[in-house]
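> Quick one: this structure, given as structure tokens, is what I'll be asking you about.
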Amino acid sequence: MNIMKKITLLLFLILFMQNACFATTNVSFVYLNGSNNNNTKMRNWFLSGIKKFHPTLKNQFEKDKFTHKYLLNDGHYVIDENPTIFFWGDKSQNDLMFMKEKANLLRSISPIIAFFVRNTIADCLHDAIWVQKTHNMIPIIQDLDITVKGQVSQGKKVVLLGYSAGSFITMEYLFNKMPYLNIEEYLIDKGIDDDLLKFVRKNPRKDACMLSIVGSDVLDYSALGTTFVNKNKEEFKRGYLKIDEYTDKYCAPEGSIIGVINYASPIPLFYSDMADKNLESSKLMHLMYKYLIERDFFFLTVNYADDPLGFPNGVNYTNDEIQKMTNMTFSNEEGFFYDYSRTLSWRTFAAAHTSYWKTRKRFSKAITKGYKEGYRFQFDEEYQQKMLKKSHRKRT
């Protein structure tokens, strides 16, 4: 009997260790719509397209040996069977109807072609412009944060997939919600006086995100959109002591988001001011890059080359080059940013922008190839040198 008990216990321990070794974490793919998805017809178009596309992308990631090993961590990450949809198109409906009402005032006197072009441009671009405005964007990323934290509360990791203007939201979410700011260093850079600096050093706080610092009354906004230290010292101190509370409330949980896939993305067209190194937002963006690169994180931009609204982010830089350009030093290098905008949709000029889930097999392969290239470009020295030689003319 004693021998049987020992054998049973041994088998139990072996089974327990096997389960521990093959423990898995689910990954939720959260899909964000683009512009011109305001009405029921366009909403259903987006939802039905994603429901068809998601299983194809999931299957492509799982069957490809490279993405299975590196993105899915040798099978320890399991992509959810169903997509998670974050739909924001209905939020701009009232403003869009107001704009169309004004445009229709010219219907009786405007030439038919001019009227048609005007309304087409309005339909396509209204939401992209609308969502960029801070008072519209912040509530949307707050709602997205609820979706993200809902997935995290179930023990899941998250990948954000932003279509067209939805790519603005993924970028703004990272910029405002990721805890990449060392508070003391940031406040010193903002010109905090010696009295407040002593207070800060006496009461250290954990790293925070942009929204938690601004929401705590430590900073104020100027009319030019820059931030400055709250001149009311008592308000500053009260707010500063609550920053950790605000960080827990307003920032994305550490390690919750493992990647972003933006596609059909016109970010360079609408955010061209990111090229201005003198802007405070550009400096903060560099800190965000540093934070994400130092973690196991990927940021892919995958556009069809024949998509007129899919703008490539430019030259792919190595992490070493990014450090030199930003005068920063990465303490660790696990993440990468990469643009893969070379695949053709083989659709007409007008249809390419809306063809991504219609051509789901081709697009899924493009995303997989983009991930593979991006990873190897940063972490495979031989492959990196090969790619650098190919792009030498572009880089110089």
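> Please report, as a whole percent, how much of the solvent-accessible surface of the stretch 144-184 comes from carbon and sulfur atoms (probe radius 1.4 Å).
Using a 1.4 Å probe with all protein chains present, the stretch 144-184 comes out at 48 percent carbon and sulfur.
> At 1.4 Å probe radius, can you tell me the per residue accessible area of the stretch 230-332 in Å²?
Heavy-atom accessible area per residue stands at 48 Å².
> Now for a different question. Please tell me which of these pairs span more than 27 angstrom C-alpha to C-alpha: K63/K156; K202/K324; K41/K361; K202/K231; K156/K365; K149/K198?
Pairs exceeding the cut-off: K202/K324; K149/K198.
> Round to a whole angstrom and tell me the spacing of the C-alpha centers of the stretch 134-153 and the stretch 23-53.
16 Å
> Related question: Using a probe of 1.4 angstrom, how much of the accessible area of the stretch 250-396 is carbon and sulfur, in percent?
52 percent
> Could you sort 147-158, 170-181 so that the peptide with the highest average Cβ count within 10 Å comes first and the rest follow in order?
So the order, starting with the most tightly packed, is 170-181, 147-158.
> Moving on. Once both labels are modelled 7 Å past Cα along the beta-carbon direction, what's the R43-N82 spacing in nm?
Placing both labels 7 Å beyond Cα along the Cβ direction yields 1.8 nm.
> Continuing with this model, one more query. Using C-alpha positions alone, give me the convex hull volume of the stretch 217-363 per residue in cubic angstrom.
With only Cα atoms used, the stretch 217-363 gives 158 Å³ per residue.
> Would you mind checking which residues have amide H under 5 Å from I79's amide H? H placed 1.01 Å from N; only 5 or more apart, or other chain.
Under 5 Å from the amide H of I79 lie the amide H atoms of V27, each far enough along the sequence or on another chain.
> Then there is this: Apply the Debye scattering formula to the stretch 275-336, with a single equal point scatterer on each alpha-carbon and no solvent, then give log10 I(q)/I(0) at q = 0.23, 0.25, 0.29, 0.30 Å⁻¹.
Treating every Cα as an identical point scatterer, log10 I(q)/I(0) equals -1.04, -1.13, -1.26, -1.29.
> Applying a 10 Å radius around every beta-carbon, put 337-348, 186-197 in order of their mean neighbour count, most first.
337-348, 186-197
The values are calculated or read from the model by the stated rules, or taken from the named source; none is laboratory data. Just so it is clear, the model here is predicted, and its values are computed rather than measured. Note that each Cβ is placed from the backbone with ideal geometry, even for glycine, and that neighbours are counted across all protein chains shown. To get the accessible areas, we keep the full protein, side chains included, count just its heavy atoms, and leave off ligands, DNA and RNA. Shrake-Rupley method; radii C 1.70, N 1.55, O 1.52, S 1.80 Å.
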